[in-house]
Amino acid sequence: MNNNTKKKPSKYGWIFYAAILVFVAFNLFGGLALDNQEKTTTSQLEEYLREGDVDKIVIITNTRQAKVYLNDNALQKEVHKKVAEPSLLPSAAPTAQYVLDFGDLQNFENTIKTIKSENNLATVIDYDKENNYLLELLISILPFVLIIGVWIFLMRRMSGGSGASGGGQIFSIGKSKAKLFDEKTDTRTSFKDVAGLEGAKEEVQEIVEFLKNPEKYTSLGGKIPKGALLVGPPGTGKTLLAKAVAGEAKVPFFSLSGSDFVEMFVGVGASRVRDLFKQAKDKSPAIIFIDEIDAIGRARGKNNMTGSNDERENTLNQLLTEMDGFGTNTNVIVLAATNRADVLDKALMRAGRFDRQIYVDLPDLNERKEIFEVHLKPIKTSETLDLEFLARQTPGFSGADIANVCNEAALIAARKEQKSVTKQDFLDAVDRIVGGLEKRSKIITPDEKRAIAFHEAGHATVSWMLQYAAPLVKVTIVPRGQSLGAAWYLPEERQIVRPEQLLDEMCATMGGRAAEKIIFDTISTGALSDLEKVTKQARAMVTVYGLNDKIGNVTYYDSSGQSEYGFTKPYSEVTAQTIDKEISDLIEGQYQRAITILKKNKDKLTKLAERLLEKEVIFKDDLEEIFGKRPFEKETQSEVSQEETEVTPEHKEEGLDA
């Protein structure tokens with residue numbers, strides 16, 4: 001559509017202009033009817049009365065005006081010659097020759113009556129009200145005009161304004177809102193701009209190849225896949241992959257969100273689905289990309305409490321029919337993205353609709369290096385950064401998180417008025433994203449600060465003494481985010497986790513509370529985040545991963561997210577009591593284990609806490625100076641058993657909650 005085309009006024013605009021024209025004409029001709037009414041004053045009226053020229057005076061009570069009618073003899077006088085001329089407009093009723101404004105009605109009446117009495121006049125005094133017919137008409141029709149105007153406005157808004165398919169008319173409400181990308185102007189992203197995600201890129205590139213060279217595959221009897229579903233956590237690059245497909249495919253690419261099908265009117269969603277596929281078939285071969293498809297693709301029959309017609313289900317049914325029903329076109333491929341594949345309808349996930357499910361996982365170490373390379377291109381760095389070091393500092397970060405780290409590092413350097421971004425700026429950016437902004441102005445009493453120091457020192461001491469605990473990066477007692485203190489660890493990236501690894505993680509987490517108990521012989525509310533973490537880990541060991549001897553090799557986890565148990569528990573009350581006891585025993589066992597370790601190293605714990613109070617931030621070198629090398633290589637397996645519930649490693653932070 002040519003954007004330079006001059007937009008013509010709509011029919012509603014002509015109606016508006018016509019109404020203004022009628023209003024102006026009414027007032028113009030109404031004014032002509034009063035052209036012969038000469039303005040006069042009260043003193044002149046008194047003079048005319050004494051001369052016997054006034055035949056009648058009509059007092060308009062609601063406008064404080066008076067109309068003066070002269071008799072025939074007065075009209076012959078030279079002084080009234082001007083008002084004696086005939087009116088420009090014919091009128092059945094006689095018109096007044098003068099009009100005047102008066103102040104107080106009572107005084108005005110008394111003056112006229114006095115002159116009449118003194119001069120024995122027969123002048124008639126009458127009363128009337130001025131009727132503004134135009135104003136009354138406007139007031140009577142104004143509510144209807146407003147209602148119609150609001151209705152037209154809403155219809156135009158819901159129909160997409162001046163969209164290309166609907167022209168802003170109400171009849172375009174069922175048209176698709178998909179944006180058609182022009183490969184020459186709209187798309188600049190290619191597969192070179194997508195770092196990492198090698199497996200996902202291969203599958204998506206093959207889909208592009210299907211459309212570019214279909215004979216290569218169909219010659220052997222194969223069929224081109226009808227759809228591919230991109231599944232993965234937020235920020236991993238699903239939408240970026242779709243943009244790369246749009247840039248590489250060189251075919252029409254329709255892009256929209258799942259929420260674009262949702263409308264307040266019944267049947268609109270299904271109508272938009274039909275229109276979308278009709279446009280795509282007309283331009284086939286083509287690609288349709290539906291972002292956040294879970295907005296319309298949720299499992300049918302779930303949580304339908306009203307029992308009424310579900311517009312979302314109608315939209316989903318139409319989508320299912322278009323993707324694999326009678327009359328479907330194999331030259332249209334549907335790409336969709338979601339991070340909630342567990343809630344999608346099974347009919348949508350079957351082969352023949354989404355033939356492929358492409359999992360876009362969090363990037364590993366090497367993929368994070370590639371992502372850093374992409375996002376560091378526009379960053380002015382002062383030195384050649386070690387990308388592997390940066391990648392190791394960001395385990396569990398998605399592509400979007402890494403982009404945020406690079407941007408935050410540039411902002412930190414600019415805040416310091418530096419000419420370039422340094423390695424320390426990137427480390428500060430990671431701390432800012434993981435822990436929050438430093439709050440050095442927060443008011444903390446000396447006793448609280450000492451308790452925080454021993455709490456964080458307890459974490460550091462226990463983790464240093466355990467074989468499978470994550471390596472410590474630094475410890476700080478500077479308030480950051482919602483924490484009063486924090487200990488940073490760099491967890492090992494592993495795909496499976498063993499019980500001893502989990503138990504060591506739990507023990508290190510309980511080290512903070514254990515240190516408070518040993519040093520102050522009391523505990524505080526500062527261990528809330530620690531307790532929350534270990535409780536989740538212990539519950540996962542018992543009920544999810546089957547790592548508890550009392551419960552056995554049983555899991556109560558439903559990976560589909562569509563558990564058939566509903567609100568009921570999938571185990572008996574006896575089993576529930578056993579689960580509660582095992583969770584409590586696991587946590588208390590690791591708590592006592594942490595107390596034992598800290599009692600053996602109480603002097604070193606105190607020395608570490610004092611250094612933390614002095615410097616506020618300490619690093620791995622400080623621990624090596626106090627504790628020496630980590631002794632876990634020669635520790636017995638029974639003394640250092642540990643376990644962790646997280647399959648996906650994360651940049652961990654143990655902190656004292658505010």
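The values are calculated or read from the model by the stated rules, or taken from the named source; none is laboratory data. Owing to the predicted nature of the structure, the values given are computational and were not obtained by experimental measurement. Don't worry about glycine lacking a Cβ; one is built from the backbone with ideal geometry, like all the others, and counts go over all protein chains shown. Protein only, heavy atoms only, side chains kept; ligands, DNA and RNA dropped before computing areas. Shrake-Rupley method; radii C 1.70, N 1.55, O 1.52, S 1.80 Å.
Quick look at the values:
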read-out	value
By accessible area with a 1.4 Å probe, ligands and nucleic acids excluded, highest first: order of LEU362, LEU100, LEU528	LEU528, LEU362, LEU100
Distance violations [Cα-Cα > 31 Å] among LYS533/LYS569; LYS369/LYS600; LYS192/LYS533; LYS439/LYS629	LYS369/LYS600; LYS192/LYS533; LYS439/LYS629
Partners for LYS56 among lysines (Cα-Cα distance below 26 Å; same-chain residues under 8 apart left out)	LYS39, LYS67, LYS77, LYS81, LYS82, LYS113, LYS116, LYS129
Å² of accessible area per residue within region 319-396, as computed with a 1.4 Å probe and no ligands counted	49
Interchain or long-range residues, amide H under 5 Å from LYS474's placed H	TRP488
Region 197-307 - accessible surface per residue (Å², probe 1.4 Å)	45
Charge dipole (debye, nearest 20) of region 462-587; +1 at Cβ of Lys and Arg, -1 at Cβ of Asp and Glu	280
Candidate aspartates and glutamates for bridging to LYS416, where Cα separation is under 20 Å - those fewer than 8 sequence places away on the same chain excluded	GLU383, GLU408, ASP425, ASP428, ASP431, GLU438
Proximal aspartates and glutamates relative to LYS243, as straight alpha-carbon distance under 17 Å, when same-chain residues fewer than 8 apart are discounted	ASP182, GLU183, ASP186, ASP193, GLU198, GLU202, GLU203, GLU206, GLU209, ASP291, GLU292
Apportionment of accessible area to carbon and sulfur, region 236-287, percent (1.4 Å)	55
Of all accessible heavy-atom area on region 446-578, the percent that carbon and sulfur account for (1.4 Å)	52
Calculated from backbone phi, Karplus (6.51, -1.76, 1.60) coupling profile of region 502-518 in Hz, x at Gly/Pro	5, 5, 5, 4, 5, 5, 5, 5, 7, x, x, 5, 4, 5, 4, 5, 6
